[in-house]
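Read the structure below first, then the notes.
The values are calculated or read from the model by the stated rules, or taken from the named source; none is laboratory data. Remember, it's a predicted structure, so these values are computed and weren't measured experimentally. Because the Cβ atoms are built from the backbone with ideal geometry, glycine has one as well, and the counts that use them run over all protein chains shown.
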Amino acid sequence: MPEPLWGVLAICTGWGTFGLFHSLLSRAWVKRRLERLFGPPFLAGLYRPLYALLSTAYLMWLWFFSGGLDGDRVFFSLPGWMAPFPWAAKAAAVVLIAICFREISFSEFTGAGQIRRWWRGELDGNSYTPPNDAPITHQKEPLACQGIYLWVRHPLNTAAFVWIWPQQNYSFHNVAFAACLTAYILIANRFEENDLIARYGPAYERYRRVVPPFFSGFSDLQSRAERLGNTPEQGK
């Protein structure tokens, strides 16, 4: 096997392992089992931040591991006049992420809010999750369907695409990394959509019919808002 393809295989294996780990820890039965082992305060207070920390650490390791593999070869480079384009795209991705966190809770997403409630003892009275309910790892927020979430349903994933694909030099390894990240997002999104339907019910079903998942134009935003009938109860 040519040397660059060994690196591609290693990158795909790393992403496959991450996908299994990330998906497994997202399943309700795993959360329920951990709740039984460590108690409701652990699940509601520490599970989400530990999950975020482990996921971030693994992704950072995978990023540096992929960049350090030997035998990579560049097969396409942007012409000089296009050199600023990848940097502009990455800056746009950072701005998009910042806009996202104006619509959703950054502290709940990262787990900081959960740690704060656990540290203050606010979760000590939590009871075990009923068998037919989803285990609670963060506070329930209103369905975000305004602002950037009226443009696409998953703008953080859109930001990941915008960040990872524009490159100055395209090599076997960085294209494999981008392709694996894309495949992971597309696969994981199917599970996430099911979780959101279970969490928000008909409101999310309606939202999903109106707003595209990752990319969209801007001309139809007013029509979407009218079709969704955005209210304080339905969106932030």
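Going through (1) within 27 Å of ARG27 (Cβ to Cβ); (2) within 16 Å of the chain's Cα centre (by Cα); (3) without any contact (Cβ under 8 Å) to a residue 60 or more places away in the chain one by one, ILE148 falls short only on (1).
Residues checked against (1) in contact with a helix residue (DSSP H, G or I) (Cβ under 7 Å, 6 or more places away or on another chain); (2) small (Gly, Ala, Ser); (3) closer than 17 Å to GLU193 by Cβ:
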{"position": "ARG153", "(1), (2), (3)": "yes, no, yes"}
{"position": "LEU156", "(1), (2), (3)": "yes, no, yes"}
{"position": "PRO166", "(1), (2), (3)": "yes, no, no"}
{"position": "ASN174", "(1), (2), (3)": "no, no, no"}
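A search for C-beta distances below 6 Å between a residue of segment 190-207 that is under 11 Å from CYS145 (Cβ atoms) and in contact (Cβ under 8 Å) with a residue 40 or more places away in the chain and any residue that is hydrophobic (A, V, I, L, M, F, W, C) and assigned to a helix (DSSP H, G or I), counting only pairs 6+ apart in sequence or on different chains, returns TYR204/LEU196; TYR204/ILE197.
When SER127 is tested against the conditions (1) within 23 Å of ALA198 (Cβ to Cβ); (2) in contact with an Asp or Glu (Cβ under 8 Å, 6 or more places away or on another chain); (3) not acidic (Asp, Glu), the lone failure is (2).
Inside segment 10-30, residues that are modelled with pLDDT of 90 or more and in contact with a helix residue (DSSP H, G or I) (Cβ under 9 Å, 6 or more places away or on another chain) make up a count of 10.
On the basis of being within 21 Å of ALA179 (Cβ to Cβ) and modelled with pLDDT under 95, does GLY45 make the cut? It is false that GLY45 is within 21 Å of ALA179 (Cβ to Cβ) and modelled with pLDDT under 95.
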